[in-house]
1. By how many degrees, between 0 and 90 and to the nearest 10, does the Cα long axis of helix 161-178 differ from the longest principal axis of the chain?
2. Let a ≥ b ≥ c be the square roots of the eigenvalues of the Cα gyration tensor of segment 85-207; is it rounded (a/c under 1.5), or, if not, prolate (a/b larger than b/c) or oblate?
3. Compute the Rg/Rh shape ratio of segment 10-89: radius of gyration over Kirkwood radius, all on alpha-carbon atoms.
4. Can you show me the helix-derived [θ] at 222 nm for the chain, built from DSSP H runs with n ≥ 4 at -39,500 (n - 2.57) apiece and divided by the number of residues, rounded to the nearest 500.
5. List the GluC sites (Glu not before Pro) within segment 31-114 that DSSP assigns to loop and that have no more than 13 neighbouring Cβ atoms inside 10 Å.
6. So what is the diffusion coefficient of segment 104-171 in µm² per second by Stokes-Einstein at 25 °C and 0.890 mPa s, using a Kirkwood Rh over Cα pairs?
7. Given the peptides 140-147, 91-98, 160-167, 121-128, arrange them by the average over their residues of other C-beta atoms within 10 Å, most packed first.
Amino acid sequence: MTQSLPAELWPDVQPDAARRLMLAGVESFARRGYHATTTRDIASGAGMSPAALYVHFPSKAALLFAISRSGHEQALALVENAINDPESQGDPVAAMRRVAEDFVAWHARRHTVARVVQYELQALPEQEYAVVADLRRRIERVVRDLIEQGLREGVFRVADPRTAARAALSLGVDVARWYSERSSKAPPELAREYGELVLRMLGAEIA
């Protein structure tokens, strides 16, 4: 269901067995949904015995949390890196284009993982949900701050930066819901189109 290798998706996770379980969890959650997936399904997908899951994750919920937290941390780093890129730094329009393009491209390339990351949040226990919710607020805050900068400089025209930030991010998040390997547009092409859509939504003048 996903063409990526575990090491590519979670380079910071060790050992490899844990990454294989995360990949099997993603594929099972995406296919069946979190609640319909059993620990046996996950272990079987990773080519392991059912007991092997508990060596690396104390529960199915802990596995989902690891997947969700990692995905949101990657998304936050992606947004921050786009804004801090020397080529776009100090230019809200260029920075927002880069943010939108990178955010959309990530959700297209990693669509199976991103679908689980974005749409299985409510299955997380309360404490784990709070951690992920904080990451989501930080992502939104970074984008909102950029929009507010554009408003101060007169290059964006929106009534409410918070609503605009949520709308811009929602466009990228939704890509994970419908994108697949059969989609007619590759992630880079789709990202460019969404980048222009976001800028137009913010009222920016596009050369």
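1. 40 degrees
2. The shape class here is oblate.
3. Over the Cα atoms of segment 10-89, Rg/Rh equals 1.12.
4. -22500 deg cm²/dmol
5. For GluC sites (Glu not before Pro) across segment 31-114 that sit outside H, G, I, E and B with at most 13 neighbouring Cβ atoms in 10 Å, the list reads Glu87.
6. Rounded, D is 182 µm²/s.
7. The packing order, highest mean first, is 91-98, 140-147, 160-167, 121-128.
Every number here is computed from the coordinates shown, using simple stated rules; none is lab data. Fair warning: this is a prediction, and the values are worked out from it, not measured in the lab. Virtual Cβ from ideal backbone geometry, glycine too; neighbours counted across all protein chains shown.
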